[in-house]
Amino acid sequence: MARWIMHVDMDAFFASVEQFRNHPELVGRPVCVGHDPKGGNGRGVVRAASYEARAKGIHAGMPVSKAYRLCPDAAFVDGTFESYSIASDEFMDVLREFADGERIRRASIDEAYIEVTQRCENYEHPTALAKEIQEEIWQRTRLPCSIGIAPNMAVAKVATGMNKPRGITFVGPDQTTIEKFLEPLPVDAINGVGRKTTQRLNESGIETLGQIQRMSIPELWPAMGRGSVWLFQRARGIDERPLMDNGPRIRKSISKDLTFMEDIEPDAVDYLHNAIRKMCTRISDRLKQKALRFRTVTVKMRYDDFITIQRSKSIPVETDDTRILERMAVDIFDHKRDPKKPVRLVGIKVSGLSETPEQLYLTEFL
Ligand SMILES: [Mg+2]
């Protein structure tokens, strides 16, 4: 039976967070994340470009001055790393829910692998599950992504890049199909084949994965040396690595998000407070189950336009007191939210966790 691995890669991640979450007025416009180009005299490089900007020839790593010359009416925004990190946590959470055994392998801030072999048994085809995941990520995070599905991580990663943005690419499951898929691709389509390796291979007349498929390991050796076995396998789509979770082993935080069925009007304060208190109670139950105490409370607020902020507050001594948690959360919410905007989501997180010291009972002294 084939394994099914999905590689999920967010489309133009930083630029998408700016367009769809931080600055909804920029949807559909060329957007560059990077410093102000100051009419072509600014310094610095483009950190990310939206697809509209890419269509004008702009790409990440390009000086902002050059990007400005290519497209003077592109919007340049200084990115805020915090908003990317919030968005990353959110879609990783969605992926975890779909993954077999909740195992997820994060490859970077905007891409991850999940195994879905068991989950696929309930679907007519793996692509149906991929569509559902894509839709769920869009609904919950307002971010577009592309998904590659294949029997292993290496092939899934190549597949994702084939149809961007918002694409789904399915490969497999038999060896012939996999080899046919890889055959026409340039050698650097393989994750791990960098610029130097590509150059060395090209100098030996090797341009495509198909060429490597027809070579033996000794034939590859002059160009690849010890990497020959690895490339021999990857070019044929062979990758036996198990998918190991690389999430944090020790829980650094406990959190709960609530998206309302309908956006809540800003003056429905009691309703919002109640929702916050309920989440605090659930988090507090979890803390007690795990014998943990917190020092920091973070409240996340998302408005109807998808703009998302989060604010934190810490206390000097750890506690697991539900009432303190509630009071801190409500207090942050009341003071930090924009009182004019309808609320779409509220999230509560506790961090700075430590273990509750064992109770000393009075009887021990008697
Ligand atoms: Mg990406």
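Descriptive notes on the structure:
- Residues that are part of a helix (DSSP H, G or I), aliphatic (A, V, I, L, M), modelled with pLDDT of 95 or more and buried (at least 24 other Cβ atoms within 10 Å of the Cβ) occur in the range 50-60; there is at least one.
- Among the residues of the range 108-141, the one identified as farther than 19 Å from THR160 by Cα and within 16 Å of the ligand (Cβ to nearest atom) is THR141.
- Condition met for SER65 (surrounded by fewer than 20 Cβ atoms within 10 Å (Cβ to Cβ), in the same structural domain as THR160 (by TED's automatic domain parsing), within 16 Å of the ligand (Cβ to nearest atom) and not in a loop (DSSP other than H, G, I, E, B)): no
- Any pair with Cβ under 9 angstrom, 6 or more apart, that starts in the range 40-54 at a residue that is on the phi > 0 side of the Ramachandran plot and ends at one that is in a loop (DSSP other than H, G, I, E, B): GLY40/PRO72; GLY44/GLY34; GLY44/HIS35; GLY44/ASP36; GLY44/PRO37
- Cross-chain or 6+ apart pairs with Cβ under 8 Å, the range 281-293 first and on the phi > 0 side of the Ramachandran plot, then surrounded by 13 or more Cβ atoms within 10 Å (Cβ to Cβ) and of a type in the set (Ser, Thr, Tyr): ALA291/THR356
- THR322 in contact with a Cys (Cβ under 8 Å, 6 or more places away or on another chain) and not hydrophobic (A, V, I, L, M, F, W, C): yes
- Condition check for PHE20: within 16 Å of the ligand (Cβ to nearest atom), in contact with a Leu (Cβ under 9 Å, 6 or more places away or on another chain) and under 23 Å from VAL155 (Cβ atoms): no
- Candidates are the residues of the range 103-124 that are outside any strand (DSSP E or B) and of a type in the set (Val, Ile, Thr); the one that is farthest from ILE5 (Cα to Cα) is ILE109.
- If you go through the range 6-17 and keep only what is at negative phi and either in a helix (DSSP H, G or I) or within 9 Å of the ligand (Cβ to nearest atom) (or both), you end up with ASP9, MET10, ASP11, PHE13, PHE14, ALA15, SER16, VAL17.
- Selected residue [surrounded by fewer than 17 Cβ atoms within 10 Å (Cβ to Cβ) and of a type in the set (Lys, Arg)] from ARG3, ARG43: ARG43
- Residue within the range 159-176 that is outside any helix (DSSP H, G or I) and among the polar types (S, T, N, Q) present: yes
- Filter result (touching a residue at least 40 places away in the same chain (Cβ under 8 Å), under 30 Å from GLU262 (Cα atoms) and not hydrophobic (A, V, I, L, M, F, W, C)) within the range 131-188: GLU136, ARG140, THR141, ARG142, PRO144, SER146, PRO165, ARG166
- Residue pairs meeting the criteria (Cβ under 9 Å; at least 6 apart or on separate chains; first not assigned by TED's automatic domain parsing to the domain that holds ILE332, in the range 260-280; second outside any loop (DSSP other than H, G, I, E, B)): none
- Residue in the range 150-158 that is within 14 Å of the ligand (Cβ to nearest atom), under 26 Å from ALA15 (Cα atoms) and touching a Ser or Thr at 6+ places or on another chain (Cβ under 7 Å) present: no
- Exactly one residue out of LEU220, LEU243 is touching a residue at least 40 places away in the same chain (Cβ under 8 Å), among the hydrophobic types (A, V, I, L, M, F, W, C) and farther than 11 Å from LEU182 by Cβ, and it is LEU243.
The values are calculated or read from the model by the stated rules, or taken from the named source; none is laboratory data. All of these numbers come straight from a predicted model, not from anything done at the bench. Counting neighbours? That spans all protein chains shown, and the Cβs are built from the backbone with ideal geometry, glycine included.
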